[in-house]
Structure formats: C-alpha cells, structure tokens
1. Quick check on segment 281-313: of everything there that is β-branched (Val, Ile, Thr) and part of a loop (DSSP other than H, G, I, E, B), which residue is nearest to GLY269 (Cα to Cα)?
2. Since PHE128 meets every condition but one in (1) under 30 Å from ASP351 (Cα atoms); (2) free of Cβ contacts under 8 Å to residues at least 12 places away in the same chain; (3) over 31 Å from the mean Cα position of the chain (by Cα), which condition does it not meet?
3. Being within 22 Å of LEU241 (Cβ to Cβ), touching a Leu at 6+ places or on another chain (Cβ under 8 Å) and part of a loop (DSSP other than H, G, I, E, B) is the filter here, so list the residues in segment 141-186 that pass it.
4. Would you mention how many residues in segment 64-94 are crowded, with 18+ Cβ neighbours inside 10 Å and part of a strand (DSSP E or B)?
5. Tell me yes or no: at least one residue of segment 225-234 is aromatic (Phe, Trp, Tyr) and surrounded by fewer than 20 Cβ atoms within 10 Å (Cβ to Cβ).
6. State which residue is surrounded by the most Cβ atoms within 10 Å (Cβ to Cβ) when the search covers only segment 540-575 and only residues that are without any contact (Cβ under 8 Å) to a residue 60 or more places away in the chain and part of a loop (DSSP other than H, G, I, E, B).
7. For ALA257, are the conditions met, namely being at pLDDT below 90 and either part of a helix (DSSP H, G or I) or under 20 Å from the mean Cα position of the chain (by Cα) (or both)?
8. So is ARG211 of a type in the set (Lys, Arg) and more than 35 Å from the chain's Cα centre (by Cα) or not?
Amino acid sequence: MSLPPGFLDELRTRLSLSDVVGRKVMWDRKKSNQGKGDMWAPCPFHHEKTASFHVDDKQGFYYCFGCHAKGDAISFVRETENVGFMEAVEILAGEAGMQMPARDPRAQEKADTTTRLTEVMEQAVQWFRLQLKTAAGAETRSYLAGRGLGEEAQERWGLGFAPPGWEGLREALVGKGVSVDDMLACRLLRESDKGRAPYDAFRNRIMFPIRDIRGRCIAFGGRAMDPADNAKYLNSSEGPLFDKGRVLFNHQQARGAVGKGQTLIVGEGYMDVIALSEAGFGAAVAPLGTAITEDQLQLLWRMSPEPVVALDGDKAGLRAAMRLIDMALPEIGPGRSLRFALLPEGKDPDDLLRAEGPPAMQAVLERAEPLSALLWRRETEDRALDSPERRAALDASLRAATALIRDADVRRHYEEDFKQRKWELFNPRRSASAAPAQPGQQRQWRPRGAPLPALPTPSTRSSLLAAAGAEIEEHLREAVILATLLTHPELADEFAHAIEELDWKGDGHAALAMALLAHADAPDPRSALEAEFGAAALEKLFTPAHVRIAPCIRNPGDMELARMCLAQDFAILSADRGAAREIAEAMHQIDGLADEGLTWRLGQASEARHRAAHNHETDKADYDIAPNGARLDRHERASLDALLEQIGHQKPRCKGN
C-alpha cells in the first residue's frame, strides 16, 4: 500500500517524538531540557544505567550513543512494538487522530494491464520472427544479409517481417486468445475509418522490437521494403506502453556495455545502433525517429557522464548537433556533458563501418569534440569579426549562450575557455609564438600585465577538503542505497522513479542502479547482476564500514526497515545536492570579490552542510526552499544568508518565509 504525498510529514508534525518515546523510558531530569526538546534517558534497546539515549524533539529523531540505534517515531514504534512499517503508521495515525488512506485498487490494476499487454507484444515478436523465415520473407532476409546481418544477428535483435496483408497479425493473435482491444492498446492494430474491422498497423516492413530498460517489448519500428512507401521508417503510435520521447533503442544492452567500460554512442536510427553493436561498439543507442528529447538526455547521463553523439558531417547533422547543444546547456554540470563525433559527409555509422571497418569508426570517436568546441564553432563560423561592433556582438552571443548554463562552476569554465579562444582568434601571432603547453596540459589565458595567480591559502585548502569530504560521503550514501537494493531487490520497483531520477556520481553506481531496475523482475536478481558485473564488483559495495553497519544491511530480513532507510537516503541526497547548487550559484553571483575572508566564510558554509548531512532526516519546519527548488536546512540557509549579507547582496526569498 502506498501513502499519499505529505501524509507522513503531517503525521510527524502532529506527534511529539518525546511523547511517543516517553511511554517506554524514564527521562533523566538532570540532562534533559524539555523546553528545548532535548531529552535523555537510558536506552530502551540495550541494558544500561547511564542516559545515553538522546531524543531531539525538534528534529524528530533519536540516537543512542551506546548501541547506535537511531530513527524517528515510526521506527521507534516498529522496534518496540515488533510491528511492520504500515502497522506502525496506523498506530501513530490513531494517536494523532488521522484517518489512514484507503487502498488504491487502480495501481494494481494498472500493473496487471501492463503485464498483460507486454505479453501480447512478445507474441507479436514471435509471429514477426516466424514470418521472416517463410518464403514471403525471402527478400527481407536477402536485404538484411546484404547489410551484414546474418541469421545469428537477426536472432540477437529479434528482427522480423510484417507481410503485406492487412489482417495477418490480427488473425494469428486472435487465434491465440488475444483480444482485439488489447491489440489496439498495444498499437498493433489501427481503427478503420471506413467502418471495417481494425487492420494491421505494420505491413511489408522489416520489424525491429523496441524494448524498455527491463527488456520488455513495448513498441515496434518498421522499415519499408517498398522504396515507394510514403514512410521509410514507421514507429508504433504512443499508447499505454510506449512514449517515444522517454525511450532509447537498445537501452538495456547499452547500459550493460557501459558498465563494462565501453563508450556510450548515440546514433540516429536502428541500423546505426545494430551496425555499431555488431562491430563491437555495444554501448550504442538511438532516439526513436525524432531529435533527442530532454527525457532521453537524462537517460543518457544516467548511463554515462559524457555520451558521444555520432552525427553525419553534413549540414543536417550539424543542425541537429546545434539543436541538441541548446537543450543540453542548462543541464550540463561537473562530469556531465556531451561530445560530438562528426562523421565524413554523407556517411552514417553503418556506411562507415561497411566501407572502412571498426578502426575507422574508432578513429572518429577518438576525435570527438567537446560541447564547448562545437558551441564556439557555431558562434564564430561564417561570421565577420573585422570591427569592434562585430566583436562586441560575438561577446554578446557568447554571454547569452553561457548564461543558459545553470551550474556556476561549469559556466565560469566556459567563460574562461571562450576568453582563451578569443585571445587566440584576435592575436594569432602571439598565440603561435607562445610557448607550447606540455602534453596533456592546456595553456591558461591571462591578459597581458595581469598578476600571477596566488598560491592557495590555508583557508582555501580547508574549504577544498571539506568539499572533497562531502563528495566522499555522498558516494558512500549511494553505496548504502545500492547495497540495500541488492539485499532487498524486491524494493526496486517501488523506488524505480527515485533510482532513475538520482544523479548517480559514484564510480559505476549509475550502471549498477539501472541494472538493478532492469533485473527487478528476474527470479534471482542477484545472480543476474553477478553474471553482468561479476561477484567481486557487487561485494565491493559492502566493503566500506559505513555500508556494513547500516541498519538495513545488518538486518537483511527487515523489509520495512529497508524501505524506510531507502526513502531517507534518497531524500537526503536530493536535499544536499540542491543545497550545494544554491551555494555555488551564490559564488558565481559574487565573482570577483573572492578574498581570503570570503573563502573562509564559504569554508564555514561547506562545514555546516557537512554537519547537517549527519542529521539524516530533518523536520519539514526546519527547512527553507531555495529559489532553485532545493531544500536548505537551518545551517545551510544561515550560512548562505550571512555570506550574501556581508557583501551587500540581496538575500534570495524562500518559499514559506
């Protein structure tokens, strides 16, 4: 049973944790301060005489410094009453006078419908496969063989053939007990506008199954065998199973290949992906008949921090690249960008591989340009810069482009990169005569007469160390989440949205998270993951002590505890990363004022965020909502406000203030 949004927040707001715990413990009057909600008692979970069990009423959390038990009101009731998560919620809701929500039968109904429709799609896959092997599919088999796809490759990709008839698939599936309504829902049939029976959506086409991240067939792509057909490629219409803007062709297989170290390549169509994969470039995907969407871009970044977009080197390919750049700029961040591999004009990956082989494709990938280089090319190509006004116009267009970048650090580096490029563009002789950079080292742009950069001060170094510590802690929290899901794979479906939305930063964490989701329905998900990543890679997650001592890992049979821990860890990561973005934005706004005192203040802000991360889940009342939507706790909000106030900058208004 799922609870409506805000129900648990309201429950915790109505209850006092000290009242809940007070029924089981005797408070130490000397150490406790009831007015501040700071209460101490001997721990109810282990035998002791000293008051080491601490309850923070304002935060809504308890912690024992002896046995390290910790949690909120729900976990306290679960542990002391020996009940499950929902039972604990019901007990507390009764005490708070809250009505438990009714069960939603529609959620289960929707899941059952999805299962039934994907089974229909698999029957269609098998029927199309059978037609390819008949006499009617001889021409299609010959065409595929000419494209380098023999019988084994056809089997690997599940390729099939839709015969020219109007009702072959319909009659075949009806004979197997499939209803016409289900075939219409799967978009295998189309309604007739002449009052006749629904007819087959695909006719006389090579059929490409389109599968979701779990490997379930959710749609088809069909390539016309008749050159005179109005549509060379045709995808299934969108429906209950298929949203083409949220799906990538070959997503599941590419994710596994990326996890094994291959470069993620984005092609333009089915044949590009199949040709790349058959040539050894297994981490290849493609959008489905349209330009890459924002949702597909996020899917790409969850697999790899820097996918390589392979495009034709003609004008159409460049236009596609420029459209993608404009969409990607607001979303790029540290370790999250794109590279562009421009193929020889008039050739796609399939053409290049058949003509020159895998080494030629590998060379193109190695020459892939970063997003910044292509953006510079767009702003300067075919543009006269022979007057101050035209140069000022270039400055304005570059500023407009970099202003789209939300991440303050990345935006600053783009500005520095463009300064360097402008210096070299307008001073070609000086650039040519300058001392060459060492291999692997990029020459930094510095205006003539500018002082050399100062050495880092002790306060600067400490702030960097604080940031590094926060990053390590985030990686450990990610490891706890993944270890919990490995221990309780049945929770992957419940947390599917959070798994897909989280910006995984740990080494290999994104690939493993997506694999966990893909294998959630397998009879033995752990074995499936070991086969894909190796047992050693999975055991490595459990190596850090921080992971081994996590309550949900030490109690592998407690499903409700695991559910609560996952919810808390996902929420904490989201809040911490939002706060970090907010402070980084303030840093950009005060660019040019950074002195040693300012660096010290930022170090204090970083340390405050680091301390706050250990508080786990904080009461809703103790959070502010930053302008960018991030939740800032009291430490982070105070640090940011103090920083802005000292430099005379207007404080950003927070929701609810």
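The values are calculated or read from the model by the stated rules, or taken from the named source; none is laboratory data. All figures in this text were calculated on a predicted structure; none of them were measured in a lab. When we count neighbours, we look across all protein chains shown, and the Cβ atoms used for this are built from the backbone with ideal geometry, even at glycine.
1. Step one: list which residues in segment 281-313 are β-branched (Val, Ile, Thr), which gives 285, 290, 292-293, 308-309.
Imposing the further condition that a residue be part of a loop (DSSP other than H, G, I, E, B) reduces the set to 290, 292-293.
Details: THR290: 9, ILE292: 11, THR293: 15 Å.
Going through the qualifying residues, I end up with THR290.
2. Here PHE128 meets the rest and fails (2).
3. Answer for segment 141-186, where residues must be within 22 Å of LEU241 (Cβ to Cβ), touching a Leu at 6+ places or on another chain (Cβ under 8 Å) and part of a loop (DSSP other than H, G, I, E, B): LEU159, CYS186.
4. The total comes to 2.
5. Yes: one or more hits.
6. Going through the qualifying residues, I end up with ASP558.
7. Working: at pLDDT below 90: yes; either part of a helix (DSSP H, G or I) or under 20 Å from the mean Cα position of the chain (by Cα) (or both): yes.
It is true that ALA257 is at pLDDT below 90 and either part of a helix (DSSP H, G or I) or under 20 Å from the mean Cα position of the chain (by Cα) (or both).
8. Numbers: of a type in the set (Lys, Arg): yes; more than 35 Å from the chain's Cα centre (by Cα): no.
No.
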